[in-house]
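The structure appears below as structure tokens.
The values are calculated or read from the model by the stated rules, or taken from the named source; none is laboratory data. It should be emphasised that the depicted structure is a prediction, and the values quoted were computed from it without experimental measurement. When we count neighbours, we look across all protein chains shown, and the Cβ atoms used for this are built from the backbone with ideal geometry, even at glycine.
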Amino acid sequence: PPALPAVECWAISYPQAVNCSWVLAPEPLLDTDFVATYRHGMGGAAETGECVRTGPRSCSFGDVQMFSLTPYVVNVTAVNPLGAASRLLPFLLENIIKPDPPEDLRVSPIPGETKKLLLEWSPPGSWPFPEYFPLKYCIRYAWEGSVTKTIGPYEQTSYTLTGVQPGTLHHIQVAAKDFTDSGEFSAWSLPASGTPWMEP
């Protein structure tokens, strides 16, 4: 039969949907199709549904129940002429929250301040309700020849970075996590750079 799919699922749009993806190793030589379903609850009371394909090896499902103490179980079955192989992945919804990285990070000098930088960013566009399900943010920054420093978490989407190196280009990234500390931090955002204000 085909290899067992390695499946991972993340709620990047909590609480609207769960996104799953999978890989096969070794890669099958024969044409392989996939069937992806999910189940919530046990036995006759279980709710089952299709994990709707979003790509050749990814799917998503919505209408999820927040704060449920019953695990969701995703079943991905690889099917080819040699047979079928199924992988079950159980999880609690809140444990798989992982936002996408913050967006639109901007680094600006502050007039008259030679040792400060203003950082501003936006929540990830895929996070549906930042006002009801707030995010918290960590910041990491470095300049040429320095060690990378990580600070936070902070709740706001702007921050005044103090004690920076005057006249030096700083490189900055931001990551997001669910405010209640559920799940995991996002990947780091795309970097943005800026230099503090200098005497004209």
Could you tell me whether the stretch 22-43 includes any residue that is touching a residue at least 24 places away in the same chain (Cβ under 8 Å) and touching a helix residue (DSSP H, G or I) at 6+ places or on another chain (Cβ under 8 Å)? no
With the condition kept exactly as written, say whether any residue in the stretch 70-82 is in contact with a strand residue (DSSP E or B) (Cβ under 8 Å, 6 or more places away or on another chain), surrounded by fewer than 17 Cβ atoms within 10 Å (Cβ to Cβ) and more than 17 Å from Leu4 (Cα to Cα). yes
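Out of contact with any Asp or Glu (no Cβ under 6 Å at 6 or more places or on another chain) and at pLDDT 95 or above: which single residue out of Glu47, Glu8, Glu27 fits that description?
Numbers: Glu47 fails: at pLDDT 95 or above; Glu27 fails: at pLDDT 95 or above.
Testing whether each residue is out of contact with any Asp or Glu (no Cβ under 6 Å at 6 or more places or on another chain) and at pLDDT 95 or above leaves just Glu8.
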